[in-house]
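Visitor: Supplied in structure tokens, the structure appears directly below.
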Amino acid sequence: MNKLSLLSFGVVIMAMAAGCEPTQPPDLIARIHFAGAERISANTNSIAFTNLFCSAEARALESQTLDKLSRAPATWFKSKIPPGAGDGMAQLRPLLDDVLKSEWVFEIRDTANGSPEYALAIRLNSQRAQLWQSNLQGLLESWTRMSAQKVPGGWQLKKHEPPNLIRVTHASGDWVVVDCGQNQLTLVHEILNPSLKRGGAGAETNWLTADLDWPRLGKLFPALARFDFPKLELQFVGLDGDLWANGKFILAQPLPPLEPWRMPTNIIHQPLVSFTAVRGIGPWLARQDWARPYEIQPPPDQFFIWGLLQIPFQTFAATPVPNAASALAQLDGKLSVVFDGRTKSLYLPPITTELTNNQIGWRGVPFAAPFVRAWREPAGDFLFGGFFPNTPRSQPLPPELFQQLSMPNLVYYHWEVTATRLKELPQLTQLLLLITHHKQFNLETAAGKWLGRVGPTLGSSVTEITQTGPNELNLRRVSRSGLTALEIVSLVNWLEAANFPGCDLRLPPPPPLPRPLPKRALGVSTTPPLVSRPAPVPPAPPH
């Protein structure tokens with residue numbers, strides 16, 4: 001596989017996390033346009049990004065990932081595929097190579113009959129177009145055991161449940177459209193309409209754009225609803241050797257008025273390797289199921305997270321609260337329910353918490369000493385936590401950091417030295433996976449070897465999100481790969497998940513500890529031994 005397809009592999013992976021506001025047309029649920037590796041490689045700005053995906057490690061990861069993806073449909077439709085029909089890998093695997101290197105557009109549209117229509121338009125030469133038609137026709141006939149019905153420019157298959165109509169058409173020019181829906185198909189030509197937003201396929205200057213109405217997608221695919229993403233719009237393009245991302249977030253509810261930043265400047269100090277500040281998240285946090293076991297009142301509205309350079313476990317977080325002692329007591333009551341000895345594994349003792357001297361500490365965590373502490377500074381009260389003792393303040397914070405936080409309507413700011421952070425972060429995430437009984441990441445896997453190869457080349461990353469309307473946010477990111485260190489670590493864990501493209505990292509429950517055998521089974525008598533009593537001593541004869 002050449003470096004062009006490896007480049008597109010990286011861009012396509014980022015598309016999986018992107019989304020947008022369907023402003024035009026109104027029935028749009030999702031639209032992703034990828035320019036294709038062949039087109040991207042012609043841009044002189046692609047050199048640095050392409051180098052991330054042209055090594056032997058990248059080729060091995062690409063091959064493994066595409067192999068897994070080609071088997072996924074058979075897993076999803078396992079109950080509906082006739083016995084002996086095969087998993088479809090032989091037919092689907094060659095097509096995924098085209099998805100990496102060729103330009104394509106994917107859309108999901110709402111319809112009047114309540115069943116969405118899905119369409120993929122991909123630009124192919126005549127030979128590859130014929131391969132797509134023959135492979136998909138053979139696969140669908142095998143899986144449905146129905147004859148293909150020829151139609152002008154393609155063929156179709158009918159089924160009894162939505163979607164009941166599937167068609168592959170060699171559309172205008174060198175485009176092949178795979179379209180499926182209920183009773184009728186309308187996207188075969190509309191998906192290529194140049195009057196659509198951003199000029200249509202073939203006219204975009206961005207490497208990738210994505211428009212997803214995430215709430216509507218969550219209704220179609222309940223697993224996506226767990227992430228509670230808003231409507232998003234993202235565009236990626238190479239510039240000056242970096243990948244630039246710009247986007248828009250459309251929130252379901254307006255943001256509350258932004259409170260002035262309250263940063264604990266006495267405990268945040270150099271040498272920083274990462275820094276994150278976010279505000280206005282209280283309402284969002286209150287809606288998250290995963291956060292409810294730890295919620296305190298009022299919900300925190302600002303967070304600061306930072307990492308130091310010296311020790312991998314020196315990652316800290318702080319949130320301003322009205323009264324630190326009261327907030328710590330609330331949190332202790334919540335944590336004592338979560339960490340009450342139930343967090344056991346085969347190799348670790350139970351993990352428990354203890355509140356002493358205005359600090360909650362965790363017992364039973366190896367290699368680290370997690371804590372949450374009540375903290376007071378001139379800026380007010382805070383809850384301050386981390387995984388390792390905070391080293392004494394050595395250098396003041398750079399003035400540039402305060403200049404960034406003074407930006408009008410800034411909601412989120414993140415800066416990091418990604419290359420350095422990737423040396424530290426895996427150790428912390430491995431610890432968290434261990435104590436939560438999840439599969440730890442193996443550095444000897446294909447994803448692990450790729451991470452080791454590209455990590456030192458990734459430079460720095462900056463992300464800014466500002467409020468531009470009551471319920472509208474704008475995003476800007478500049479980085480070498482388009483991802484932060486935490487996102488890259490999450491990505492490689494996902495790619496190595498046993499059920500990829502699912503992401504189940506849970507380990508099976510540990511086997512119960514063997515009970516000691518009863519003494520009878522060990523050949524030990526359970527009858528109390530007879531104790532001989534000494535014979536009575538006769539009284540002494542009288543004198």
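Visitor: Within the set of other residues whose C-beta is less than 15 Å from the C-beta of Asp67, count the net charge using Lys and Arg as +1 and Asp and Glu as -1. Spell out each step's value before the answer.
Guide: On the way: positive: Arg59, Lys68, Arg71, Arg93; negative: Glu62, Asp87, Asp97, Glu496.
Net of charged neighbours comes to 0.
Visitor: In terms of the Cα gyration tensor, with a ≥ b ≥ c the square roots of its eigenvalues, is the range 230-329 rounded because a/c is under 1.5, prolate because a/b exceeds b/c, or oblate?
Guide: Oblate shape, in that a/c is at least 1.5 and b/c is the bigger or equal ratio.
Visitor: Would you mind ranking Val478, Val337, Val188 so that the residue whose beta carbon has the fewest other beta carbons within 10 Å leads the list?
Guide: Neighbour counts put them in this order, fewest first: Val337, Val478, Val188.
Visitor: Then there is this: Return the aspartates and glutamates within reach of Lys449: Cα separation strictly under 15 angstrom, same-chain partners fewer than 8 residues apart disregarded; answer none if there are no such residues.
Guide: Within the straight-line cut-off, Lys449 pairs with Glu57, Glu62, Glu496.
Visitor: How high is the FRET efficiency from Gln404 to Gln359, r the C-beta distance, R0 35 Å, rounded to 0.05?
Guide: 0.70
Visitor: OK, next. Holding the Cα-Cα limit at 25 Å, pick out from Lys219/Lys439; Lys68/Lys439; Lys78/Lys219 the pairs that are longer than that.
Guide: Violating the 25 Å limit, Cα to Cα: Lys219/Lys439.
Visitor: Taking the Cα centroid of the range 239-311 and of the range 94-127, what is the distance between the two, rounded to the nearest whole Å?
Guide: The two parts, judged by their Cα centres, are 36 Å apart.
Visitor: For the residues Ser274, Ser172, what sequence is obtained by ranking on other C-beta atoms within 10 Å, fewest first? Each step should come with its number before you reach the end.
Guide: Numbers: Ser274 24, Ser172 12.
Arranged by neighbour count, lowest to highest, Ser274, Ser172 become Ser172, Ser274.
Taken together, the values in this text are just the output of simple stated rules run on the coordinates, not laboratory data. Note that the structure is predicted; figures quoted are calculated from it, not measured. Glycine also receives a Cβ, built like all others from the backbone with ideal geometry; neighbour counts cover every protein chain displayed.
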